[in-house]
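First up is the structure itself, then whatever we jot down about it.
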Ligand code: KG4
Ligand code: ZN
């Protein structure tokens, strides 16, 4: 058996996990910073890195305690070292280096996007490859050809906002506390998804790229009314979206959800149809927790007999279990990093 400690600090969750043999999650501790960033309705990088610094060691200790493991039991330390906010990544990367050095264990840098695609393998036998991959999060909305766990080729990506970012912005417009994605998803179940006919962008060139900025603007105007011209005086919008009644907000949320999920699904269906030899579909990222997206992916998988890997809800959002899991695959291949491992803001996927 191999036992890895995983560390994840790419954005605003401080997480540590202990995973055996790449898929058996012994512990997965996640300290969220939502409360620290809420009043800014977005992640403030400097606040995030300071909070990681305060929390990283207690979170690692708790992950070890919950797993019933000691530092000496670990075979390697894996860390999400890219992509993300550089100040945040540096905290996790430095902590992982210090532990690897002090314990004389291998250090393994893991790309956070690759790890999201591994999350659906946790707790079960890994999916057969080659596969198709979909990462939907606050920072990414991309489709991949997954040849191997570390060999993902992008076949479609958003040309503007990520879908999670569009969810969070829409939620803010109607006064839901940040991060609003999960709240908008919940509110959508109470509304009429045909109340507004929001656009589903077609990106020119007809490829598998996504765009969510048109949907975001249409939602803004539906919630707040048409903006006045630049020279007009007084408030720019006729209404305050946060002051709408509950039914109006629920209808907006449901209609947004319908358009956003259709925009994602349309390209997933095209990719599946264009690559019939790929029988597995790996999905990950915060928005893979979305109930409508999950239902539509499950129904697609049934219709096309795909091996769909939707992560458990606790493994959709940023977490260290997916980092430790994928780290074990590299350890098994003897592919480890030196203490010169760098944090990087870009993904290799
Ligand atoms: O993967 P993640 O934790 O962080 C990034 O790597 O970005 O994803 C966070 C994103 C946020 O935008 C959050 O609002 C969104 O995932 N999200 C959701 C849901 N749960 C989380 N969006 C829509 N519906 C959900 N249920
Ligand atoms: Zn993520």
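Brief remarks on what is shown
- Only one of 312, 298 that is out of contact with any strand residue (DSSP E or B) (no Cβ under 8 Å at 6 or more places or on another chain) and under 25 Å from residue 24 (Cα atoms): 312
- Evaluated against (1) touching a residue at least 60 places away in the same chain (Cβ under 8 Å); (2) within 16 Å of ligand 1 (Cβ to nearest atom); (3) in a helix (DSSP H, G or I), residue 190 falls short on exactly one condition, (3).
- Filter result (more than 16 Å from ligand 2 (Cβ to nearest atom) and on the phi > 0 side of the Ramachandran plot) within the range 268-318: 305
- Condition met for residue 133 (away from ligand 1 (no atom under 16 Å from the Cβ) and either touching a residue at least 60 places away in the same chain (Cβ under 8 Å) or in contact with a helix residue (DSSP H, G or I) (Cβ under 8 Å, 6 or more places away or on another chain) (or both)): no
- Residue that is nearest to residue 110 (Cα to Cα) [pool: residues in the range 3-27 that are out of contact with any strand residue (DSSP E or B) (no Cβ under 6 Å at 6 or more places or on another chain) and within 16 Å of ligand 2 (Cβ to nearest atom)]: 9
- Taken together, the criteria exclude residue 195 from residues that are within 16 Å of ligand 1 (Cβ to nearest atom) and either in contact (Cβ under 8 Å) with a residue 40 or more places away in the chain or in a helix (DSSP H, G or I) (or both).
- Residue in the range 117-129 that is touching a helix residue (DSSP H, G or I) at 6+ places or on another chain (Cβ under 7 Å), within 16 Å of ligand 2 (Cβ to nearest atom), in contact (Cβ under 8 Å) with a residue 24 or more places away in the chain and within 14 Å of residue 79 (Cβ to Cβ) present: no
- The set of residues in the range 183-198 being surrounded by fewer than 20 Cβ atoms within 10 Å (Cβ to Cβ) and closer than 22 Å to residue 135 by Cα consists of 183, 186.
- Hits in the range 319-347 (condition: surrounded by fewer than 16 Cβ atoms within 10 Å (Cβ to Cβ), at negative phi, assigned to a loop (DSSP other than H, G, I, E, B) and away from ligand 2 (no atom under 15 Å from the Cβ)): 333, 335, 338, 339, 340, 342
- Residues of the range 235-290 that turn out to be in contact with a strand residue (DSSP E or B) (Cβ under 7 Å, 6 or more places away or on another chain), farther than 19 Å from residue 162 by Cα and part of a loop (DSSP other than H, G, I, E, B), as a count: 3
- Close pairs from the range 136-156: first more than 15 Å from residue 209 (Cβ to Cβ), partner within 15 Å of ligand 2 (Cβ to nearest atom) and at pLDDT below 95, Cβ under 6 Å, at least 6 apart: 152/349
- Some residue of the range 144-163 being within 11 Å of ligand 1 (Cβ to nearest atom), out of contact with any strand residue (DSSP E or B) (no Cβ under 6 Å at 6 or more places or on another chain) and not in a strand (DSSP E or B): yes
- Leading residue by the ranking (nearest to residue 320 (Cα to Cα)) among those in the range 1-40 that are assigned to a loop (DSSP other than H, G, I, E, B) and within 11 Å of ligand 1 (Cβ to nearest atom): 10
- Test: residue in the range 72-85 that is part of a helix (DSSP H, G or I) and free of Cβ contacts under 8 Å to residues at least 12 places away in the same chain: no
- Selected residue (criterion: surrounded by the fewest Cβ atoms within 10 Å (Cβ to Cβ)) from residues of the range 208-234 that are at pLDDT 90 or above and in a loop (DSSP other than H, G, I, E, B): 226
- Evaluation of residue 311 against the conditions (1) within 12 Å of ligand 1 (Cβ to nearest atom); (2) within 15 Å of the chain's Cα centre (by Cα); (3) surrounded by fewer than 22 Cβ atoms within 10 Å (Cβ to Cβ) shows that the sole unmet condition is (3).
The values are calculated or read from the model by the stated rules, or taken from the named source; none is laboratory data. Because the structure is a prediction, the values reported are computed rather than measured. Because the Cβ atoms are built from the backbone with ideal geometry, glycine has one as well, and the counts that use them run over all protein chains shown.
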